[in-house]
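Inspection log for the structure reproduced underneath, given as structure tokens.
The values are calculated or read from the model by the stated rules, or taken from the named source; none is laboratory data. Since the model is a prediction, treat every value here as computed from it, not as a measurement. Cβ sites come from the backbone with ideal geometry, for glycine too, and all protein chains shown count toward neighbours.
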């Protein structure tokens, strides 16, 4: 047995300083936070690299870029509104409704745009759709992680 293990087993002599930091109750793990950020970076980077390398016209690239930004914002906004409402924080019904509509519209515009894009082959359409979905999911998860971390620290 190593010396470190012997110290851990012998509780009567002295306290061993903890190497890892303690998480607050309800706070996501650093690994989950990191995975969420990596997912967002991969999703957005893949989407943008795909747009940069695409042979479509600049106005089409602008459309798909705007849809990505609109989708990310609407997803985070909806997550916040749903969470606020669930926690008893006042949310106006108009803001709550607009948040839902904005997310539905962004996803619909992405789907309609990809469906009608004649210059994009089917595998590219799937690539854009999956990068978009990954980015939205990651943005929602990051917002949740930030909120959970903030809430856990406020409890102390």
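Just to be sure before I move on: is residue 46 under 19 Å from the mean Cα position of the chain (by Cα), over 20 Å from residue 150 (Cα atoms) and exposed (fewer than 15 other Cβ atoms within 10 Å of the Cβ) in the structure I sent?
Details: under 19 Å from the mean Cα position of the chain (by Cα): yes; over 20 Å from residue 150 (Cα atoms): yes; exposed (fewer than 15 other Cβ atoms within 10 Å of the Cβ): no.
It is false that residue 46 is under 19 Å from the mean Cα position of the chain (by Cα), over 20 Å from residue 150 (Cα atoms) and exposed (fewer than 15 other Cβ atoms within 10 Å of the Cβ).
Highlighted here are the helices (runs of 4 or more DSSP H) found entirely within segment 1-97 that include at least 1 residues which are closer than 22 Å to residue 111 by Cα, at pLDDT 90 or above and touching a helix residue (DSSP H, G or I) at 6+ places or on another chain (Cβ under 7 Å): 30-53, 58-86. Here residue 103 meets each of (1) within 14 Å of residue 67 (Cα to Cα); (2) not in a helix (DSSP H, G or I) with one exception, condition (2).
Against the condition modelled with pLDDT under 90 and either in contact with a helix residue (DSSP H, G or I) (Cβ under 9 Å, 6 or more places away or on another chain) or farther than 22 Å from residue 65 by Cβ (or both), how does residue 143 come out, does it pass?
Working: modelled with pLDDT under 90: no; either in contact with a helix residue (DSSP H, G or I) (Cβ under 9 Å, 6 or more places away or on another chain) or farther than 22 Å from residue 65 by Cβ (or both): yes.
Here the answer is no, as residue 143 does not meet what is asked.
Name every residue in segment 111-129 that is in contact (Cβ under 8 Å) with a residue 40 or more places away in the chain, over 17 Å from residue 49 (Cα atoms) and assigned to a helix (DSSP H, G or I), in order of residue number. Of everything in segment 111-129, just one residue is in contact (Cβ under 8 Å) with a residue 40 or more places away in the chain, over 17 Å from residue 49 (Cα atoms) and assigned to a helix (DSSP H, G or I), namely 113.
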